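Inspection log for the structure reproduced underneath, given as structure tokens.
The values are calculated or read from the model by the stated rules, or taken from the named source; none is laboratory data. Small disclaimer: the values here were computed from a predicted structure and weren't measured. Note: ideal-geometry Cβ built from the backbone for every residue, glycine included; neighbour counts use all protein chains shown.
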């Protein structure tokens with residue numbers, strides 16, 4: 001099985017952070033990954049799925065997540081708040097939004113369920 005590598009946006013954020021922080025190790029520590037993982041990702045040779053790595057880059061280096069449902073960038077905290085709220089009963093639109101959050105590609109719980 002072949003996995004896709006990091007997109008251009010995530011790679012650019014990674015490169016900028018490496019320049020700003022001074023080393024791959026410093027960036028790896030900041031996003032919670034090993035230096036070797038970032039080196040492989042930079043080279044386009046990361047052996048696994050880069051989805052979680054991309055989320056870590058977006059949340060820790062920008063603090064923003066691109067919401068596919070709202071079609072705008074949200075802070076990671078706002079994304080977590082939408083995703084972790086109880087199912088709303090106030091309106092059909094809010095229920096649709098909640099359902100979209102549960103099935104979102106950026107939802108770590110969804111990806112953990114898929115891996116099991």
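Among the numbered criteria (1) under 26 Å from residue 97 (Cβ atoms); (2) loosely packed, with under 14 Cβ neighbours inside 10 Å; (3) at pLDDT below 90, which single criterion is violated by residue 8?
For residue 8, the failing item is (1).
Can you tell which of 33, 69 is farther than 23 Å from residue 97 by Cα, in a loop (DSSP other than H, G, I, E, B) and more than 11 Å from the chain's Cα centre (by Cα)?
Criteria check complete, one pass: 33.
Go through segment 36-66 and report how many residues are within 16 Å of residue 5 (Cα to Cα) and part of a helix (DSSP H, G or I).
Selection size over segment 36-66: 15.
Determine whether residue 65 is touching a strand residue (DSSP E or B) at 6+ places or on another chain (Cβ under 9 Å) and buried (at least 19 other Cβ atoms within 10 Å of the Cβ).
Working: touching a strand residue (DSSP E or B) at 6+ places or on another chain (Cβ under 9 Å): yes; buried (at least 19 other Cβ atoms within 10 Å of the Cβ): yes.
So residue 65 passes the test.
Can you find a residue that is in contact with a helix residue (DSSP H, G or I) (Cβ under 8 Å, 6 or more places away or on another chain), crowded, with 16+ Cβ neighbours inside 10 Å, outside the structural domain of residue 15 (by TED's automatic domain parsing) and part of a helix (DSSP H, G or I) anywhere in segment 80-96?
Checked against the condition, which is being in contact with a helix residue (DSSP H, G or I) (Cβ under 8 Å, 6 or more places away or on another chain), crowded, with 16+ Cβ neighbours inside 10 Å, outside the structural domain of residue 15 (by TED's automatic domain parsing) and part of a helix (DSSP H, G or I), segment 80-96 yields at least one hit.
Yes or no: residue 26 in a helix (DSSP H, G or I), surrounded by 12 or more Cβ atoms within 10 Å (Cβ to Cβ) and in contact with a helix residue (DSSP H, G or I) (Cβ under 7 Å, 6 or more places away or on another chain)?
The answer is no for residue 26.
Consider only pairs whose beta carbons are under 8 Å apart and that are at least six residues apart or on different chains; among these, list those whose first residue lies in segment 18-42 and is in contact (Cβ under 8 Å) with a residue 24 or more places away in the chain and whose second residue is not in a helix (DSSP H, G or I).
Listed by first residue and then by second, the contacts come to 41/5; 41/6; 41/50.
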